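The structure under discussion appears below in the form of structure tokens.
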Ligand SMILES: Nc1ncnc2c1ncn2[C@@H]1O[C@H](COP(=O)(O)OP(=O)(O)OP(=O)(O)O)[C@@H](O)[C@H]1O
Ligand SMILES: [Mg+2]
């Protein structure tokens, strides 16, 4: 199956606002957010809990309606979609933390589900699903029920399912959130690989710095807005940037008294000079605390 042909950005969001509820209890989950994602980009969305990441992803997948603003995906204005089911089935693929596989169906049958209505021949559907199971490294687990798979394997099945109809855009909400670091690395490698080999555009919400660093661009959100938009150029530079913004890096920049026990004065000075270069200040807030993957 071919990717749907798209010229220009795969995602274009203009002045997107989402208010849940009304009156006293109204929550402004998205607050006039605008952003573009280019076709073929692999983008991470980060930010503190409640800042609107999942809300944004739901809007991109036409799972929810904006209060204000416009979302275009693959050139289509989502408020004017004639066939929302078709859009959800063909243009986007979802991967959620709770992968909600159907427990009574085998892994391969789960992958087949979205193909119903898209491919009429049962045999072709089976072949396609088997191919996808192979793609995610689970060719030998096709006949297992979800309950017989590990968390990481289930997540890979969910990814295979999200790929069933060759979507132009994959939306992943903390796909490795519930996994140990090795399974998390596998999921990440799989997404990177899809992005590179198939040119699939991917937007991944993550709290994990390592996941974010493996993408090409990091959007940071706060209070329903994007507060920083940063392209990753050089992995080493990115490591230093992350280090500079970590609690440790910030401590080093501000106050290194305790470190004198371990490092020579001149090394601290050199390190501080290096870190200063990557500490662009704008990205510090909300990012240095609460991360579950601080080294
Ligand atoms: N259906 C809803 N009804 C009312 N408020 C909601 C609803 N969904 C989300 N919210 C509120 O909107 C805000 C943004 O929620 P969202 O789920 O997008 O956050 P998030 O960035 O994904 O957080 P987390 O990292 O915890 O998943 C939160 O304050 C949340 O309480
Ligand atoms: Mg969320």
When 41, 254 are ranked with the fewest other C-beta atoms within 10 Å first, the list becomes 254, 41
For 208-216, 19-27, ranked highest to lowest by mean beta-carbon neighbours within 10 Å, the order is 208-216, 19-27
Quick numbers on the range 131-248, Rg and Dmax over C-alpha atoms in Å, give 15.6, 47
Counting only DSSP beta bridges with both partners in the chain, the antiparallel fraction in percent, to the nearest 5, comes to 55
Taking N as the number of residues in the chain, the ratio of its alpha carbon radius of gyration to 2.2 N^0.38 Å works out to 1.10
From the Cα centre of the range 23-39 to that of the range 123-202, the distance in Å is 29
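Please order 193, 234, 279 by the number of other Cβ within 10 Å, starting at the fewest.
Exposure proxy ranking, most exposed first: 234, 193, 279.
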Going from the fewest other Cβ atoms within 10 Å to the most, one would list 163, 78, 236 as 236, 78, 163
Applying the gyration tensor rule to the Cα atoms of the range 27-71 (axes a ≥ b ≥ c; rounded if a/c under 1.5, else prolate if a/b exceeds b/c, else oblate), the class is oblate
Applying the gyration tensor rule to the Cα atoms of the range 51-141 (axes a ≥ b ≥ c; rounded if a/c under 1.5, else prolate if a/b exceeds b/c, else oblate), the class is prolate
Relative contact order in percent for the chain (Cα pairs under 8 Å, 6+ apart) equals 22
Along principal axes, largest first, the alpha-carbon spread of the range 34-193 in whole Å comes out as 46, 39, 27
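Every number here is computed from the coordinates shown, using simple stated rules; none is lab data. Every value quoted in this text rests on a predicted model; they were computed, and no experiment measured them. So basically every Cβ, Gly included, is an ideal-geometry build from the backbone, and we count neighbours across all protein chains shown.
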